[in-house]
Amino acid sequence: MSILTEVELLRRIPLFSNIDTSRLKLLAFTSERLTFENGAILFREGDRGDSAYLILTGKVDISVGSPNGDVLVASVGANNIVGEMSLLCEIPRSATVTAAEPLDTLRIKKDQFFGLLRDLPQMTLEIMRELALRLNNVNRELSAAHAKLRAAGLE
Amino acid sequence: MATTHQSLYGYIWQHSRRDQLVILSIALAAQPFYFLTLTLPKLIINGPIQGEGFESPTATQNFMRFVVGFPEWLGSQWTLLEGIPLDRTSYLFALSLAFLALVGFNGFLKYLINTMKGRLGERLLRRLRYDLIDRVLRFPPSHLRKSKQSEIASMVKDEVEPLGGFSGDAVVWPVFLAGQALTALIFILVQSFWLGLVSAVVVLGQAIIIPRLRRPILQLGKMRQLQARELAGRVGEIVDGGADIRVHGTSNWERADIVRRLGRIFDIRFELYQRKYFVKSLNNFMAQMTPFIFYAAGGYFVITGQLDVGQLVAVIVAYKDLPGPIKELIDWDLQRQDVQIKYDQVMDQFQPDGMTPPERHAPATDPRSPLAAIELKNVTAIDDAGFTLLDDVDLALPLNQTVAVTGPGGCGKEALGQLFARQISIKTGTVKAGDDDFFALSESTASRCIAYAGPESYFFPVNLTENLLYGLKQNPRDGAASERSRREAVRAGNPAFDAEADWLDYEALGTRDPKIILERLVDVLTMVDLESDVYQFGLQSRLNPKVSAEATDRIVEARIALRERLAAPDAANLVEHFDPKTYNRNASIAENILFGASTDPIMQPHNLTSLPHFQRVVAEEGLEQHLVAMGQSIAETMLELFRDFPPDHPFFDEFSFIPSSELPVYQQIMKRAKTSGLTYPDRAKLSVLPLRYIEARHRLGLITPDIRERLLATRRTFAETLPANLKPLISFYEEGKYNAAASIQDNILLGRVSYGVAQANERVNVLIREVLDKLDVRDLIIEAGLAFHAGVGGKRLTTGQRQKLGLARALIKDPQLLVVNGALANLDDQQKTNIVDRVLKHRAGKATIWVLTKDDLADRFDRVLVFEHGRLAADRQQTLREAAQ
């Protein structure tokens, strides 16, 4: 699979959907193609994150720790990105991600991603727009939830 | 400067008196012979050639007749030798041969004198240089901190150099010249008293005025010397501080400073020239004054009949011999003053107060007596700035405890540590080791009994083993140095030490077995957490198969074992092996073609294009057009990806195949590719690009099956048609054979760690270690690692590694008292704790003083000293139980 295929896959990620092909190509070129064996851990909850993984083929399990051991929260397959929050801010990983099948990924490092944003304002604007949309969605969901709670007389 | 140094002449006379006198007597003894060579031609021409004394054909003259003439009143002459009677032709040949012999003999004497002078000068220079360096070795620590090494180097190396050339002429030359001048003067005086007096007055005038005029020149010379020395110092700073200058962007500020200094040196030197040539022309003028007087006054006397012409001519002829020696004498005096100033200037810098007396550095003669308990009484110490380091400290240290010294930074604990290393001196109070003054202990006793590791250890540019064992080379050993070199050293006042000898103190090590010494080294390296670093150095180093054939065999064994291990399912895909028949996706195109390792720069993958053999093979295999095509593809991608980035963006270094400065060039090339077609240089520029391309890493999909086959064919042809002169430069990768040009790690892998497998490098490292441990080749790798060169000042090591190595160097001495003073400051807490624990365990029952940077490790020690504002605020003994908690 060459870089062009990777670009196609990157395009399907909402965060990158509006970005130029040549920019995505650069993102792919500066990223690392990494394979994981079944059961290998991509990152652990609480680790300091420095990269996101675009899953090209295979499936990962996302789990969070609880007093009763790790609890599987979700399984995510190809064309999804995990750990993307760490591209934008330094927060500890919120979950552990494990390869559930032999995995082929594109590892996007924060430093490289920032390097792109610093010098390509157009790309930064696209990312901001995407984040604003997400925030808007979250706000809307939050107020809907508030409304539900109020209706149920719980607040 | 409290003490004054010996004068230049005192120094020269004291150390070369005998040689000077010998040379002087040879020079004097040579004079009659010299005189004979001058008179012989006259004899030859007048005698046998013109026939004087051979008026009759059978006439003979006595050859070698030697007659000494006396003034009449002593009774005419005295014949020493009658000589052999010879006819005219024989007499001619006899005289000519005698002339030849005399010339030869004179030449020989001259050669003898010159070599003796040279030897004398070199010996004196050697002695002076040694004296200076000896002084540096005895400088008090505070003075060493203030000294600039490049200035000292410039003084020892360059500034005293003229002294060597001068000292040979210091006595002989002036005696000689003065003699010549005096003879000429006396001759003139005899011819005509008044004219003689006139020349004497002029000469005297020259001798008084010229040196006076030269005084400012000497002052300027002094300034020039100081400026040049400071320049050397600044150059040293620019080199040492190079990194910081870049970081702060002050290179232009440094340039400005250099410009100013060079300007000052130029001004001084130019003024020097002006004055020098003025004095020179004045000197010449004065020398011509005398003939003027001779012509004018002498001529007048002749006209008026007070002097006859013959006398005047004789005076003028005699005077010809006077200015030469006078001028040279004045020049010699100038040189003398110049050397004198240089000497004074240098010696002033090597006379600091508080130098260690030489006796204290004398090699140990005493048996290895142990150090007695150390006791500090009312000790106060201040630093250079007058800040109190230690304030009235009383402390008794029996040498059987582990002692932690704690307190906030700058509380005096660091000074206490330095005190035990005698790095600071005390102002008041006493420090005693038993009954002896601690500061008066001989260097060999103190350094044998006490080992010190401070925060900044210096390392020498030798390998790690030698750096580790550095502290065990205190006492001179006899080696195979020749008697001649020993004698010569002593004649130049140098000690008869032999640096070729093995100075290692095996007695202190307790063994001579290299295996046990290696074990000991590994032990201390493990103790300070440096073993794995050294192990890595070892893996990255090259072995010389000629030296250690057995070792290389083991590495090949390890290669096979690793290969088996890598075949296991959990490790598959970690490494792509070098196989002559397949293309390695994890190596660059250039590496794939070269398919071998080389230590020669011309055979490195990135230099391949400039290798004619490579160009030939590429052309033969028809690879060129493919390289150009791949180059176009890469150039296109690079232009697309990087066109919007500023030229200094880090991406260029990290990712781009084309440096930012070249992007426009390639833009033009690509434009031509689409329109007018590529020129020959274009094709060359494009074909360079793919050589760095690694399929697995760059993922541009350039290596199609067709290209792959072509590259493999190129690899084969490259090796098969390699010219004989290149063959020794490269070792091709071969299964089952050790590759001398590759590192140990590359030899074990014989392949490339795959890109794109998560944590492949770490996992491969673990596997390599496992394999090597199983084969028991650890020692071999460690030994190779210990051969790692520390670099100038240990700069090839990180700060942390240097600190650990400093501690290891102290530990290997197994001293009676170990003093650790902030030696682990740059390590993280976990490492620090581990190292303290291991070292304390190793030192159980032996005295250790540890100045801690953080107090939380204090509970591991028998005794804790707490310092505050230079005072000993608390002194607690901890019972073992407490310590264990």
Original post:
Does anyone have the angle between helix B:8-44 and the longest principal axis of chain B? Alpha-carbon axes, 0 to 90°, nearest 10?
Top reply: 50 degrees
**OP:** Run the dipole for chain B about the Cα centre, Lys and Arg Cβ at +1, Asp and Glu Cβ at -1, nothing else charged, and hand back the magnitude in debye, nearest 20.
**Re:** 1540 debye
Original post:
Given Cα pairs under 8 Å that are at least 6 residues apart, what percent is the relative contact order of chain B?
Top reply: 17 percent
Subject >> Cα gyration tensor, the range B:631-769 - rounded (a/c under 1.5), prolate or oblate >> reply: oblate
**OP:** Tell me the label-point distance for the pair residue B:629, residue A:48, using the 7 Å Cα-to-Cβ offset, in nm and rounded to one decimal.
**Re:** 4.8 nm
Original post:
Quick one: of the DSSP bridges fully inside the protein assembly as shown, what percent are antiparallel, nearest 5?
Top reply: 75 percent
**OP:** Can you grab the distance from the C-alpha centre of the range B:685-748 to the C-alpha centre of the range B:308-331, Å, no decimals?
**Re:** 82 Å
**OP:** Only bridges with both residues in chain B count here: give the DSSP antiparallel percent, nearest 5.
**Re:** 65 percent
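Provide B:13, B:173 in ascending order of the number of other Cβ atoms located within 10 Å of each residue's Cβ, fewest first. List each step's numbers first, then the result.
Values: B:13 15, B:173 20.
Going from least to most buried by this count: B:13, B:173.
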Original post:
Does anyone have the angle between helix B:531-540 and the longest principal axis of chain B? Alpha-carbon axes, 0 to 90°, nearest 10?
Top reply: 80 degrees
**OP:** Find which of B:86, A:137, A:74 sits farthest along the positive direction of the dipole of the protein assembly as shown, computed with +1 on the beta-carbon of Lys and Arg, -1 on that of Asp and Glu, about the Cα centre.
**Re:** B:86
Original post:
Amide H of residue A:56: which non-local residues (sequence gap of 5 or more, or other chain) have their own amide H closer than 5 Å, using H built in the peptide plane?
Top reply: A:79, A:104, A:105, A:106
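Just rank B:422, A:48, fewest to most, by other beta-carbon atoms within 10 angstrom.
Details: B:422 19, A:48 10.
Fewest to most other Cβ atoms nearby, the residues stand as A:48, B:422.
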**OP:** Please tell me the relative contact order of the range B:699-826 in percent, rounded to the nearest whole number, where contacts are Cα pairs under 8 Å and at least six residues apart.
**Re:** 10 percent
**OP:** Per DSSP H run of at least 4 residues, take -39500 (n - 2.57); add these up for chain B, divide by its residues and hand me the 222 nm value, nearest 500 deg cm²/dmol.
**Re:** -18000 deg cm²/dmol
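In debye, nearest 20: dipole of the protein assembly as shown around its Cα centre with unit charges on the Cβ of K, R (+) and D, E (-)?
1860 debye
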Original post:
Which whole-Hz ³J(HN,Hα) couplings does the range B:624-630 yield from phi under the Karplus relation 6.51 cos²θ - 1.76 cosθ + 1.60, θ = phi - 60°, glycine and proline marked x?
Top reply: 4, 4, 6, 4, 4, 4, 5
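Pairwise over distinct Cα atoms, reciprocal of the mean inverse distance: report the Kirkwood radius of chain B in Å, one decimal place.
Values: mean 1/r = 0.0276 Å⁻¹.
This gives a value of 36.3 Å.
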Original post:
Between rounded, prolate and oblate, where does the range B:157-299 land on the alpha carbon gyration tensor, with a ≥ b ≥ c its root eigenvalues, rounded for a/c under 1.5, else prolate if a/b exceeds b/c?
Top reply: prolate
Original post:
Given H placed on each backbone N at 1.01 Å, which residues far from residue A:40 in sequence or on other chains put an amide H within less than 5 Å of it?
Top reply: A:99
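Please compute the contact order of the range B:188-355 in relative form: average sequence separation of alpha-carbon pairs under 8 Å and at least six residues apart, divided by the residue count, as a percent. If you can, show how the numbers build up before the last one.
Numbers: 78 pairs, mean separation 67.1, N = 168.
Computed value for the range B:188-355: 40 percent relative contact order.
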**OP:** Please name whichever of B:241, B:204, A:149 sits farthest to the positive end of the charge dipole of the protein assembly as shown, dipole taken about the Cα centre and charges placed at Cβ: Lys and Arg +1, Asp and Glu -1.
**Re:** B:204
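For the range B:526-599, rounded, prolate or oblate, judged on the Cα gyration tensor with a ≥ b ≥ c (square roots of eigenvalues), a/c < 1.5 rounded, else prolate if a/b > b/c?
Details: a/c = 1.74, a/b = 1.37, b/c = 1.28.
Note, shape of the range B:526-599 comes out prolate.
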Original post:
If you put +1 on each Lys and Arg Cβ and -1 on each Asp and Glu Cβ, how big is the dipole of the range B:670-756 around its Cα centre, in Debye rounded to 20?
Top reply: 540 debye
Subject >> R0 of 51 Å, Cβ-Cβ distance residue B:49-residue B:267: FRET efficiency to nearest 0.05 >> reply: 0.25
Original post:
Among B:592, B:545, B:568, whose Cα sits farthest toward the positive end of the charge dipole of the range B:499-613 (+1 at Cβ of Lys/Arg, -1 at Cβ of Asp/Glu, about the Cα centre)?
Top reply: B:592
Subject >> Nearest-ten-degree value, helix B:309-320 long axis tilted from longest Cα axis of chain B >> reply: 10 degrees
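When the expected Rg is taken as 2.2 N^0.38 Å, what fraction or multiple of it is the alpha-carbon Rg of the protein assembly as shown? Let's see the in-between values first.
Values: Rg = 42.8 Å, N = 1040, 2.2 N^0.38 = 30.8 Å.
For the protein assembly as shown, the normalised Cα radius of gyration is 1.39.
Pulled fully out, how much extra length does the chain show between residue B:436 and residue B:215, if you take 0.36 nm times their separation in residues and subtract their Cα-Cα distance? Write out the running numbers ahead of the final one.
On the way: separation 221, 0.36 × 221 = 79.56 nm, distance 5.24 nm.
Taking residue B:436 through residue B:215 to full extension adds about 74.3 nm, to one decimal.
A short reminder: the numbers here are calculations on the coordinates, not readings from a lab. These numbers come from a predicted model, not from an experiment. Don't worry about glycine lacking a Cβ; one is built from the backbone with ideal geometry, like all the others, and counts go over all protein chains shown.
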